Every structure is written in C-alpha cells, then in structure tokens.
Amino acid sequence: MTTGSRAVQVTSLGEVLFPTFPLRTERLQLRPYGPDDFDFLLSLESDPALLRFISWGPRSEEQVRVSLAQKLEQTSLRAEGDELTLVMVLDEIGERVGDVQLTWTSREHRQGEVGFITHPEHAGHGYATEGAELLLRLGFGELGLHRITASLDARNTASARAAMRLGMTQEACLRQNAFCKGEWTDEVIYAVRADEWRAARRS
C-alpha cells in the first residue's frame, strides 16, 4: 500500500509529536475525534457483534460520552503512555469508516502499539490497514520507535490479516490469557521492527 507524499505533516520536538490535521493517505483523511462524532462512536462502541473479540463493551450512551471525552484529548504523543486516536474518513465522500490508534508504550525501549477498528458497513476494503500504515510511518519515522506491536484475540482472523498486511509477524500466543465476555481466550501478539518495515517498503 502506497501513501502519497502529502500523507504526513508533523511537528516533532524532542520526541514529541504534534500532527497537523488532517493527515492523508491514498483514500483517507485521518483526523482527531470531535464533539460531532458522538453518534459515530456510539455506533462502534455499542455494537456487540463488532466488539465480539474485544474485552470491553458494548458501552452505554453515557459510557460512550466518557470515551469520547477521552478521545478528544488524544491528539498528540507527548509522553510515554499517551495515545493518538484518529477517525478514518473516506476522502471521496466524507464518510467516517473507523478509527486507528497509536500508543507510545515505552520511551526507554522505543516501543509502541497500534490498534484499529472498522465500521461493519465498511469492512473488507483495507481501510484499517491503510490508516494503521500511516501510524506506523509516524511511529517509526517521526517518533523514532524501534518496534510496534498489535495485540489481538486469537479468533479475530480479520485483524490478524490486517496485521500481516502491515508487515507484522506473530511473535507469541498467550494461551487463555484473557477472560473475554464469559470465556477464556487466547491472545496473539504481532510485531514489526523499524528496520523490517523500512526494508519491506524499499523492496
């Protein structure tokens, strides 16, 4: 997947990221959540089928309001533990199709974690991969991360395919590591290093 040269505009001050929005890929605009995104976020976080392989949810309207308030603040990476959460908007028609997230998990070890969720009406078009690819580019290129991971329920084959399209390799399977919606489930860890990611894009 190729992103255009206009995809990333970022101010990086001493390992601090302040993206200039919207960020763009071939088909998407990525921007922070805003107050008008409540109904969209509710459609994601209250859908039992969509959240089947996620430990939390479904959420009530009040819980989604709390979630949205948190996401409104997730617009930069200033310190270890910060999260950058962006809405994926289909550039052609302005429709929201999901969101992607990059978490700065360790400053010392230069580690991050990526996550993504796609609205069911827009699944199967590669939007999660396209949006997450841009976050990998931010993480490796601007923040100087060494390694980025993704943690998935082992039954979530769609997200596993997206992780592999990002160049990630399954590194571990933690058996019955999570109690998810009434049952013990396996957790799989995918990861890609900066050198692997760059080499794949040169080939």
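The values are calculated or read from the model by the stated rules, or taken from the named source; none is laboratory data. Note that the structure is predicted; figures quoted are calculated from it, not measured. Counting neighbours? That spans all protein chains shown, and the Cβs are built from the backbone with ideal geometry, glycine included. These area figures cover heavy atoms from the full protein model, side chains too; ligands, DNA and RNA do not enter into them. Shrake-Rupley method; radii C 1.70, N 1.55, O 1.52, S 1.80 Å.
Listed values, structure above:
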{"quantity": "For the chain, built as a Gaussian network whose Cα springs stay under 10 Å, the top-fluctuating residue of ARG110, ARG175, ARG24", "calculated": "ARG175"}
{"quantity": "Order by protection proxy (mean Cβ within 10 Å, highest first), peptides 54-60, 150-156, 86-92, 181-187", "calculated": "86-92, 150-156, 54-60, 181-187"}
{"quantity": "The range 86-148, Cα convex hull volume normalised per residue, Å³", "calculated": "73"}
{"quantity": "LEU72-GLU26 pseudo-label distance in nm [points 7 Å out on the Cα-to-Cβ vector]", "calculated": "3.6"}
{"quantity": "Note, ³J(HN,Hα) from phi for the range 105-111, Karplus 6.51, -1.76, 1.60, rounded to Hz, x at Gly and Pro", "calculated": "8, 7, 6, 4, 9, 6, 10"}
{"quantity": "Leading residue at positive end of dipole, the chain (Cβ point charges), from GLN63, LEU145, ALA162", "calculated": "LEU145"}
{"quantity": "Listed values (1) 71, 31, 28; (2) 50, 39, 34; (3) 42, 40, 32, entry calculated as Cα extents along the principal axes in Å", "calculated": "(3)"}
{"quantity": "Carbon + sulfur, % of accessible area of the chain - ligands and nucleic acids excluded, 1.4 Å", "calculated": "46"}
{"quantity": "Distance in nm between pseudo-label sites at LYS181 and ARG165 (7 Å out along the Cβ direction from Cα)", "calculated": "2.2"}
{"quantity": "Rounded to the nearest 20 debye, dipole of the chain from Cβ charges on Lys, Arg, Asp, Glu", "calculated": "660"}
{"quantity": "Convex hull (Cα only) mean projected area of the range 80-187, reported in nm² to one decimal", "calculated": "7.6"}
{"quantity": "Solvent-accessible area per residue, Å², over the range 24-114 with all protein chains present [probe radius 1.4 Å]", "calculated": "51"}
{"quantity": "Computed Kirkwood radius, in angstrom, where 1/r is averaged over Cα pairs of the range 125-184", "calculated": "13.0"}
{"quantity": "Formal net charge of residues neighbouring GLU121 (Cβ-Cβ distance under 14 Å; K, R +1; D, E -1)", "calculated": "-2"}
{"quantity": "Mean separation of Cα contacts under 8 Å, 6 or more apart, over the residue count of the chain: relative contact order %", "calculated": "17"}
{"quantity": "Per residue accessible area of the range 117-203, 1.4 Å probe, in Å²", "calculated": "50"}
